[in-house]
Amino acid sequence: MTSLMIRIYKIGEEEPDTTIKVPGKIFKIASAIIPKKVSDALTEKGVDLQEILKLTENPEVKGTLIEIEEHGKNEKVIISLE
């Protein structure tokens, strides 16, 4: 099972400000306890946690899934499977 990687960058920067790595097996458990507010915010941005969970179970799926740029916050978020 692959790991879910979430990297948060300041727009224009090469290195992420924040990196979150969630091993696939843990992600299954973690996705069940993510606060509704967080889940709703991700859904609002087009991120479906249940679909990502399904993808973590497929060892052939790797790479960037979603890239979100929030220009008002000067942030870029990249969600990938590695």
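Bear in mind that the values in this text are calculations on the coordinates, not laboratory data. Quick caveat, the model's predicted, so the values are computed rather than measured. Neighbour counts run over all protein chains shown; Cβ positions are idealised from the backbone, glycine included.
Tabulated results
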{"item": "Rounded to the nearest 20 debye, dipole of the chain from Cβ charges on Lys, Arg, Asp, Glu", "result": "380 debye"}
{"item": "Likely footprinting exposure, LEU81, LEU55, fewest C-beta neighbours within 10 Å first", "result": "LEU55, LEU81"}
{"item": "Which listed pairs, of LYS45/LYS73; LYS25/LYS76; LYS28/LYS62; LYS25/LYS54, have C-alpha distances above 19 Å, in listed order", "result": "LYS25/LYS76"}
{"item": "The chain, relative contact order in percent, only Cα pairs under 8 angstrom and at least six apart counted", "result": "41 percent"}
{"item": "The chain: calculated mean residue ellipticity at 222 nm from DSSP helix runs of at least 4, using -39500 (n - 2.57)", "result": "-9500 deg cm²/dmol"}
{"item": "Correct choice for Cα Rg over 2.2 N^0.38 Å that was computed from the model, options (1) 1.08; (2) 1.89; (3) 1.65", "result": "(1)"}
